[in-house]
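Following: one structure in structure tokens, then a few remarks.
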Amino acid sequence: MLIVRSPVRISFAGGGTDLPAYFEQFGGAVLSVTINKYFYTIIGKRDDGRIQVISSDLRVFETWHDIAGMSIRGSELEIPLAVLKELGHDISVDMFLASEIPPGTGLGSSASVCVGILKALSTYVRHPLSKYDLAEQSFHIARNVLGRHVGKQDEYATAFGGMNFIVFHPDGKVQVEPLEVGTDVVRALQNNLLLYFTGAAHHSWTILEDQERSTRRNIGSTVEALHEARVFAEKLRVSLGRGELSSFGKTLDRAWQAKKRISSKISNFHIDELYELGLRYGALGGKITGAGGGGFLLLYVEPEHQAAVRKAMADQHVQEMAFAFDFQGAQVIVDDPFIDGDERGGMHWTFLPTSIIGEQT
């Protein structure tokens with residue numbers, strides 16, 4: 001039996017500059033961190049030549065040759081089917097998929113799914129991938145095989161884990177630069193971030209498609225706002241490097257105002273109302289964590305104001321999600337042939353800490 005877990009991420013700034021329409025012209029950069037909310041892929045051996053893919057409420061039961069010949073776009077299990085097709089190995093397995101986060105919440109869950117499944121299957125067929133190859137192939141599947149208008153940041157964040165400044169070069173190459181930040185600063189940052197579900201799950205691909213169209217047409221307001229987003233990612237990186245967390249919070253607000261100028265679909269009345277409420281009760285800044293339109297609202301709130309912000313949000317019936325940072329990325333956590341007698345498995349158990357700095361309190 002083989003078990004892989006892959007984290008989701010919080011993007012602080014630079015989102016949109018990881019889209020090919022932008023970085024192929026100007027180069028992009030995103031500052032992000034992964035958190036301890038995971039997608040799990042569990043693979044077990046079968047002896048009947050079939051592949052069974054099961055999620056919490058969906059199931060596919062086919063041979064690999066059937067899957068290889070399928071038209072998979074639009075299928076509710078299109079990601080695992082696309083990975084199976086791309087991998088190109090005739091295997092017989094049970095694949096069980098489970099997530100701690102629902103899709104469409106702005107935390108990069110689709111990329112976590114693709115990276116996790118690709119990590120699991122490439123490990124199973126003994127064709128291990130580097131973190132760069134894992135991220136790039138996952139991006140290829142999402143962008144070229146499934147035809148989604150996505151950028152590259154989520155796949156790289158999930159594959160590498162931790163807090164990173166991710167640079168996207170015009171030639172398509174990517175450079176992942178882990179932030180060198182002291183443990184005390186990381187702990188304080190984690191404890192000063194509050195995450196609230198806005199109650200509006202969404203898929204961001206239509207928003208990103210609009211952004212790409214505007215960028216390729218060189219519509220001034222969109223391109224200028226993306227230039228600002230790129231600059232703010234660097235400014236936030238500098239603030240963290242210096243341990244200037246109040247500056248980080250205030251810059252996060254400025255970055256959010258710039259992000260909203262990229263597209264009118266990024267925010268809405270409900271999001272703006274919740275964000276302004278957070279500022280009124282002491283938050284220094286924040287943002288929607290993904291492309292926009294819904295999902296999770298991130299607020300930077302220093303300790304003396306957190307009780308007031310939490311009460312204000314609770315009065316609006318907005319649910320907070322506790323989290324800690326993840327520094328592992330996509331990882332094999334169980335690879336044991338004893339469980340199902342699979343000769344492909346090794347004898348490897350890994351018990352990973354949730355975070356190097358502990359849970360948020």
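Read the figures in this text as sums done on the coordinates, not as results from a lab. Not measured: the values here are computed from a predicted model. Note that each Cβ is placed from the backbone with ideal geometry, even for glycine, and that neighbours are counted across all protein chains shown.
Once region 2-349 is represented by equal point scatterers at the alpha-carbon sites, with solvent omitted, what log10 I(q)/I(0) does the Debye formula produce at q = 0.06, 0.10 Å⁻¹?
At q = 0.06, 0.10 Å⁻¹ the computed log10 ratios are -0.22, -0.60.
Computed FRET efficiency, Cβ-Cβ of Glu320 and Phe269, R0 30 Å: what is it to the nearest 0.05?
Step by step, r from the Cβ atoms, then E = 0.90.
In nm, to one decimal, how far is the Ser246 label point from the Val334 one, both placed 7 Å along Cα→Cβ?
It works out to 4.9 nm between the two label points.
Evaluate E = 1/(1 + (r/R0)^6) for Glu209 and Arg254, where r is the Cβ-Cβ distance and R0 equals 25 Å; express this FRET efficiency to the nearest 0.05.
My answer for the efficiency is 0.40.
What order do you get for His149, His317 when you list them from fewest to most C-beta neighbours inside 10 Å?
His317, His149
With the crude spin-label approximation of a point 7 Å out along Cα→Cβ, what separation in nm comes out for Arg217 versus His140?
3.2
With viscosity set to 1.567 mPa s and temperature to 4 °C, compute the Stokes-Einstein D of region 209-328, Rh being the Kirkwood radius across alpha carbon pairs; µm²/s, no decimals.
Translational D for this selection: 84 µm²/s.
Suppose each label sits 7 Å from its Cα in the direction of the beta carbon; what would the Ala98-Leu179 distance come out to in nanometres?
In this crude label model, Ala98 to Leu179 measures out at 3.2 nm.
Starting from the Cα-Cα distance between Glu24 and Gln52, subtract it from 0.36 nm times their residue separation and give me the gain in nm to one decimal.
Going from the current span to full extension adds 6.2 nm.
Cut-off is 10 Å between beta-carbons; in what order do Leu226, Leu274 appear when sorted fewest neighbours first?
Leu274, Leu226
Work through the residues other than Ile10 whose Cβ is under 12 Å from its Cβ and net out their charges, Lys, Arg +1 and Asp, Glu -1.
In short, +1.
Using the 10 angstrom Cβ neighbour count as an exposure proxy, how do Leu277, Leu134 rank, fewest first?
Ranked by crowding around the Cβ, least crowded first: Leu277, Leu134.
Could you work out the local net charge near Gln137, counting Lys and Arg as +1, Asp and Glu as -1, over the other residues with Cβ closer than 12 Å to its Cβ?
Net local charge, Gln137 excluded: 0.
May I ask for the net charge around Arg148, where only other residues with Cβ less than 14 Å from the Cβ of Arg148 are counted and Lys, Arg are +1 while Asp, Glu are -1?
Local net charge: -4.
What pairs from Lys131/Lys173; Lys131/Lys250; Lys131/Lys287; Lys85/Lys131 go past 22 Å between their alpha carbons?
Violating the 22 Å Cα-Cα cut-off are Lys131/Lys250; Lys131/Lys287.
Exceeding 24 Å between C-alpha atoms, which entries from my cross-link table qualify? They are Lys265/Lys311; Lys152/Lys235; Lys45/Lys119; Lys119/Lys260; Lys119/Lys235; Lys152/Lys259.
In this structure, Lys265/Lys311; Lys119/Lys260; Lys119/Lys235 exceed 24 Å between Cα atoms.
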